[in-house]
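*Asks:* Quick one: the structure is below, questions incoming.
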Amino acid sequence: MVPDVGKELGSNTYGLLAYLYGPGKREEHEDAHLVASWDGYAPDPGRDPAANLMQLSSVLMMRVNQLGARRPKKFVWHCPVRTAPGDRHLSDEEWAQVARRLVDVAGIAPEGDPDGCRWIAVRHADDHIHIMATTVRGDLKRPRLRGDAYRVQAECRKIEKEWGLRQLKEGDGTAAERPTSAELYKTERLGRPEPVRLQLRDKVRQAVAGAADEAEFFDRLVSAGLLVNRKLGPSGDVLGYSVADPDDRNAAGDPVLYSGSKLAPDLSLPRIRKRLGASPLVDHRGAERGGSAEGAKRTPGSRAAQARRAAAAAVDDATRTIEEGSEEEAAAQLVGAIEIIDVVAVRAPADTRAQLISAARAFERASRSHVRAERADNRAVRAAAREMLSSGYTGNRGEDGGVTAMLLSALILLAIASARWHSARSHAQQAAAASAAAEQLRAAYATVAARPMAAMAARGRSLPSSVRERQDAAIRAKLPDAGAGEHGGSDWDALAATLAEAEAAGYDPAALLEEARNRRELGTADSVTAVMVWRVRRIAKLSAAPSAKTETTGIRTKAAGPGAPAPAPGRQARNSRR
């Protein structure tokens with residue numbers, strides 16, 4: 001059940017009544033009528049032929065007019081209340097109960113108070129009502145409405161539970177504004193796939209991702225094809241900004257501008273400046289956190305693949321911070337992580353782009369809460385986002401596809417950790433958003449990982465028996481968390497192939513598994529062995545999609561049996577936590 005208490009009071013009682021009893025903007029209003037009123041005897045222009053809008057307006061305005069010269073300028077309280085999609089349709093009697101409970105908790109007409117404000121509830125559709133009141137009490141005082149929206153929301157949560165309706169998540173005031181009814185109607189009228197507000201929010205968020213400074217942020221907005229209006233102070237300093245889609249015009253033909261703060265709380269210019277100023281970026285060339293450019297050059301693959309490897313390492317570190325760090329540090333990593341997801345979505349091929357954009361939109365909600373990232377550092381994830389953005393387009397095949405699957409695997413675990421972090425702090429909407437992001441990331445991962453995982457599984461099944469037995473023993477010993485269903489499955493086969501390849505390169509498989517397992521918990525992984533495939537490949541700097549010829553040759557010549565050589569100097573699995 002979704003109530004929408006107006007942020008400001010209105011002043012046109014008759015005008016609002018005309019809308020509620022009228023046909024609607026799209027002829028969508030049907031059988032408008034009262035379901036409840038302050039005393040049960042208000043005239044109903046919808047069902048009573050002898051009543052009209054002027055009569056109803058007059059009785060609602062009586063106490064306002066009694067104030068004479070002391071009459072307030074703003075006095076109309078309005079709250080539409082809508083059931084959630086999929087809920088049963090409530091009867092008029094049930095809607096009347098809803099209205100009485102909400103005007104009670106809002107302070108409009110407290111139960112048992114004979115001096116409560118005058119109010120009505122109008123129904124003109126199956127799934128919602130409109131509650132309207134004039135905010136002058138019978139004793140000619142003003143009602144106490146401070147915090148009315150939060151109290152109304154809380155009462156709706158109680159009604160949902162009591163009546164068996166869909167239980168929505170309680171808000172905390174950090175969500176971005178939803179498209180208005182007018183925006184939704186315009187979207188439908190013009191045949192657009194979604195409201196312009198949502199598209200602008202995506203583009204502004206993507207312009208922030210990995211930006212080095214404010215100038216680059218504004219340049220990216222222009223490059224994205226947006227109209228940008230900077231608000232300048234007397235000194236010439238930029239005080240704020242607004243953006244518009246060139247094709248979105250009002251009736252006068254002027255572009256419809258949205259300020260950053262209207263798109264989302266964290267897209268205001270002061271909040272963007274805080275993010276850019278707290279984490280200044282320099283050119284980032286794909287080295288993993290704590291690594292060197294020389295080490296990055298030894299990593300297989302293109303620059304785009306190297307950038308994604310570095311991003312996967314940064315995401316792993318961010319996940320560990322969310323699980324183990326302070327609240328401020330965790331909040332900073334959530335803000336940085338949305339930049340990684342945004343860049344992955346921008347660079348994604350068509351077969352996963354829609355899923356990743358949905359994941360970014362969901363995680364955007366999870367990145368905002370009342371826990372502020374005032375002093376924490378998210379430079380590593382922001383720098384990784386910057387390098388991915390500058391490294392060019394990448395597809396979902398070959399090495400680029402394999403390393404993208406590696407990154408998506410890390411992002412799934414980050415989203416799950418984020419959901420748990422928010423749940424522990426009773427951030428219901430953010431926890432639900434993080435879980436939704438994880439589902440979209442899983443869907444994208446399934447598409448991207450299918451090819452490289454299938455190839456690795458096939459190689460695992462074709463390993464010499466002695467090599468396979470050795471890898472299976474290491475997996476069973478080091479991964480007791482692996483589910484029974486994973487034993488002998490395709491993910492297990494892929495991990496066996498990965499360990500054989502690492503062994504051929506001079507690594508100790510057991511030590512690699514130990515290091516990979518100790519990086520963070522595995523209880524939230526859908527497939528422990530699949531997660532370990534990508535961790536091991538990253539630690540050992542193995543190609544994400546090695547050629548069959550190279551891998552087979554390496555395994556047979558370097559890891560033919562128990563007498564395989566010990567790890568070469570400098571190649572042992574280290575206790576690094578990269």
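*Asks:* Of LYS74/LYS274; LYS7/LYS158; LYS7/LYS231; LYS158/LYS203, which sit over 27 Å apart, Cα to Cα?
*Replies:* From the list (LYS74/LYS274; LYS7/LYS158; LYS7/LYS231; LYS158/LYS203), the Cα-Cα distance tops 27 Å for LYS74/LYS274; LYS158/LYS203.
*Asks:* Ok, one more. Roughly what would the spin-label model give for ASP254 and LEU67, points 7 Å off Cα along C-beta, in nm?
*Replies:* The modelled label-to-label distance comes out at 3.2 nm.
*Asks:* For SER390 and LYS231 in the same chain, what is the full-extension length gain: residue separation times 0.36 nm, less their Cα-Cα distance, in nm?
*Replies:* Using 0.36 nm per residue and subtracting the Cα-Cα distance, I get 54.3 nm.
*Asks:* Test of understanding: what is the full-extension gain from ASP31 to SER223, defined as 0.36 nm times their sequence separation minus their Cα-Cα distance?
*Replies:* 64.2 nm
*Asks:* Right, something else. Accessible surface of VAL344 in the full protein assembly, 1.4 angstrom probe, to the nearest 10 Å²?
*Replies:* 0 Å²
*Asks:* Just want the answer: with Cβ charges of +1 for Lys and Arg and -1 for Asp and Glu, which residue in VAL98, GLY68, GLY24 is farthest toward the dipole's positive end in the stretch 1-135?
*Replies:* Value computed over the given set: GLY68.
*Asks:* Quick check: from the Cα gyration tensor, does the stretch 25-74 come out rounded (a/c under 1.5), prolate or oblate? Display every interim value, and only then the final one.
*Replies:* Numbers: a/c = 2.59, a/b = 1.74, b/c = 1.49.
Prolate.
*Asks:* Roughly how many debye, to the nearest 20, is the charge dipole of the stretch 1-119 about its Cα centre, given +1 on each Lys and Arg Cβ, -1 on each Asp and Glu Cβ, and no other charges? It would help to have the intermediate numbers written out before the result.
*Replies:* Details: 14 positive and 17 negative charges, 144 e Å.
Dipole of the stretch 1-119, to the nearest 20 debye: 700 debye.
*Asks:* Output the peptides 459-470, 62-73 sorted from most to least packed, where packing is the average of other Cβ atoms within 10 Å over each peptide's residues.
*Replies:* 459-470, 62-73
*Asks:* Okay, moving on. Pop out the ³J(HN,Hα) list for the stretch 527-541 in order, Karplus 6.51 cos²θ - 1.76 cosθ + 1.60 with θ = phi - 60°, rounded to Hz; leave Gly and Pro as x.
*Replies:* Each residue's phi maps through the Karplus curve to give 9, 4, 5, 5, 4, 5, 3, 6, 5, 5, 5, 6, 4, 7, 6 Hz.
*Asks:* About the Cα centre, and with charges only on the beta carbon of Lys, Arg (+1) and Asp, Glu (-1), how big is the dipole of the stretch 86-170? Nearest 20 debye, please.
*Replies:* Using only the charged Cβ atoms, the result is roughly 400 debye.
*Asks:* Can you give the accessible area of ARG476 in Å² (nearest 10), computed on protein heavy atoms with a 1.4 Å probe?
*Replies:* That residue has around 130 Å² of solvent-accessible surface.
*Asks:* To the nearest 10 square angstrom, how much accessible area does LYS158 have with a 1.4 angstrom probe?
*Replies:* 110 Å²
The values are calculated or read from the model by the stated rules, or taken from the named source; none is laboratory data. Values in this document were obtained by computation on a predicted structure and should not be read as measured data. Ideal geometry is used to build each Cβ from the backbone, glycine not excepted, and the neighbour counts take in all protein chains shown. Only protein heavy atoms, including side chains, enter the accessible area calculation; ligands, DNA and RNA are left aside. Shrake-Rupley method; radii C 1.70, N 1.55, O 1.52, S 1.80 Å.
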